[in-house]
């Protein structure tokens with residue numbers, strides 16, 4: 001399957017898969033979308049509630065969400081345990097073409113960004129002092145947490161859109177995700193389709209629609225009641 005690095009409207013890069021007619025991030029702005037959906041609507045909410053945060057990302061992809069999370073939590077000095085599921089990781093030549101550290105004016109983090117991608121799979125790796133990464137190269141429904149009984153405070157659900165991968169947006173998938181979320185924990189995603197929200201609600205989530213990033217009218221934040 002061919003994957004191409006392209007530049008989005010805010011100058012930041014993403015990856016396109018022409019065969020599936022999908023991109024890893026919004027063509028209206030990769031960084032802009034990730035900050036709006038995952039950092040502002042998700043991480044910043046969780047930071048106000050926890051002294052340390054355990055995060056699960058469905059779809060590690062370009063590593064952008066992990067990089068932005070590292071930067072944000074570095075600023076407030078709160079430790080993060082970051083777990084990412086990715087069945088089809090990018091190749092090295094594609095990773096080298098991503099321009100996030102340049103666009104964020106954080107060229108000092110280029111070595112860190114590379115380590116996010118090159119660190120071993122299925123092993124907890126300290127990336128910087130306050131950020132630990134565990135990457136799992138597996139199917140979501142087969143995923144097992146690195147620590148027995150581990151629950152997450154925040155879930156970034158960043159799978160490809162339902163039109164491309166409908167099997168990842170079902171009640172069964174969200175039941176699995178719900179079981180991995182701690183009481184009071186949040187899930188954020190760019191997708192606000194009615195059938196997706198109903199699948200979340202069927203799994204036990206409380207769901208709200210929020211204003212979406214540029215190019216998208218709405219997004220979703222969901223949570224597990226205490």
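The values are calculated or read from the model by the stated rules, or taken from the named source; none is laboratory data. Owing to the predicted nature of the structure, the values given are computational and were not obtained by experimental measurement. Backbone-built Cβ (ideal geometry, glycine too); neighbour counts: all protein chains shown.
Got at least one residue in region 33-43 being surrounded by fewer than 20 Cβ atoms within 10 Å (Cβ to Cβ) and at positive phi? No: zero hits. Checking 16, 26, 51 one by one, the residue that is part of a loop (DSSP other than H, G, I, E, B) and surrounded by fewer than 23 Cβ atoms within 10 Å (Cβ to Cβ) is 51 and no other.
Do we have residue 83 as within 18 Å of residue 146 (Cβ to Cβ) and buried (at least 16 other Cβ atoms within 10 Å of the Cβ) here? Taking the combined requirement at face value, the residue satisfies it.
Scan region 126-135 and give yes if some residue there is at pLDDT 95 or above, out of contact with any helix residue (DSSP H, G or I) (no Cβ under 7 Å at 6 or more places or on another chain) and under 22 Å from residue 88 (Cβ atoms), otherwise no. Looking for residues that are at pLDDT 95 or above, out of contact with any helix residue (DSSP H, G or I) (no Cβ under 7 Å at 6 or more places or on another chain) and under 22 Å from residue 88 (Cβ atoms), one finds at least one in region 126-135, hence yes. Among the residues of region 125-136, those identified as touching a strand residue (DSSP E or B) at 6+ places or on another chain (Cβ under 8 Å) and either free of Cβ contacts under 8 Å to residues at least 40 places away in the same chain or loosely packed, with under 15 Cβ neighbours inside 10 Å (or both) are 125, 126. Which residues, counting only those in region 94-114, are touching a helix residue (DSSP H, G or I) at 6+ places or on another chain (Cβ under 9 Å) and in a loop (DSSP other than H, G, I, E, B)? Scanning region 94-114 gives 98, 104, 106. Among residues that are crowded, with 16+ Cβ neighbours inside 10 Å, closer than 24 Å to residue 225 by Cβ and in contact with a strand residue (DSSP E or B) (Cβ under 6 Å, 6 or more places away or on another chain), residue 152 is included. Restricting 97, 16, 26, 51 to residues that are under 14 Å from the mean Cα position of the chain (by Cα) and farther than 17 Å from residue 187 by Cα narrows the list to 26.
Among residues of region 55-93 being in a strand (DSSP E or B) and under 12 Å from the mean Cα position of the chain (by Cα), the one that is farthest from residue 39 (Cα to Cα) is 85. When residue 107 is tested against the conditions (1) crowded, with 18+ Cβ neighbours inside 10 Å; (2) without any contact (Cβ under 8 Å) to a residue 12 or more places away in the chain, the lone failure is (1).
Residue 122 - would you say it is exposed (fewer than 14 other Cβ atoms within 10 Å of the Cβ) and without any contact (Cβ under 8 Å) to a residue 12 or more places away in the chain?
Values: exposed (fewer than 14 other Cβ atoms within 10 Å of the Cβ): yes; without any contact (Cβ under 8 Å) to a residue 12 or more places away in the chain: no.
Here the answer is no, as residue 122 does not meet what is asked.
May I ask you to verify whether residue 207 is touching a strand residue (DSSP E or B) at 6+ places or on another chain (Cβ under 8 Å) and at pLDDT 95 or above? So residue 207 fits the description; yes.
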